[in-house]
1. Could you please let me know if F93 is touching a strand residue (DSSP E or B) at 6+ places or on another chain (Cβ under 7 Å) and surrounded by 18 or more Cβ atoms within 10 Å (Cβ to Cβ)?
2. If you check every pair at least six apart or on different chains, which have Cβ atoms under 7 Å apart with a residue in the range 16-33 that is at pLDDT 55 or above and crowded, with 21+ Cβ neighbours inside 10 Å first and a residue that is of a type in the set (D, E) and in a loop (DSSP other than H, G, I, E, B) second?
3. Just give me the residues in the range 25-47 being part of a loop (DSSP other than H, G, I, E, B) and touching a strand residue (DSSP E or B) at 6+ places or on another chain (Cβ under 7 Å), in sequence order.
4. Take the range 40-55 and flag every residue that is under 17 Å from V69 (Cα atoms) and either among the aromatic types (F, W, Y) or surrounded by fewer than 16 Cβ atoms within 10 Å (Cβ to Cβ) (or both).
Amino acid sequence: DIEYGLVGSEMCIRDRVYGNLPSERDIYAQRIDPDGVLAWEVGGVPITTTDNTEYSPQIAVDDQGNIIVAWLRQLTQGDNDLLAQKISPSGEFLWPADGVLIDQASSNTELGSVVAVNYENIYFTWTAHPDPGHSLSLIHI
């Protein structure tokens, strides 16, 4: 398991490798209360468990305590979709199951950052490295 966290927050996200194949990677999130007690189900809430490889999760917390998780979904070698999910403090998905598509199948996409200014202002950055060159993208949702 690969674990990510936010300084000063009670959130943890895992990029879980559960088998030997590259497609056997999923993303789970967990909220931990100030006393260290797990707030959601043991093992975390599955953010995405599709048959594709999901990796490189990034998280942010908005002013309502919701978490925003962004990740890459590998479709083919070098082509990745960028997706995101918003989850309430109780663990309820606020966006459609398996996430919202932010960017579709860019060449060699690398996820940058997720910033939640408040409940309604969320920003995502990523880079794509098509041949030749590269690009940096920013989107507000």
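The values are calculated or read from the model by the stated rules, or taken from the named source; none is laboratory data. Because the structure is a prediction, the values reported are computed rather than measured. Note: ideal-geometry Cβ built from the backbone for every residue, glycine included; neighbour counts use all protein chains shown.
1. It is false that F93 is touching a strand residue (DSSP E or B) at 6+ places or on another chain (Cβ under 7 Å) and surrounded by 18 or more Cβ atoms within 10 Å (Cβ to Cβ).
2. R31/E10
3. Passing the criteria: A39, W40, G43, G44.
4. W40, G43, P46, T49, T50, Y55, listed by residue number.
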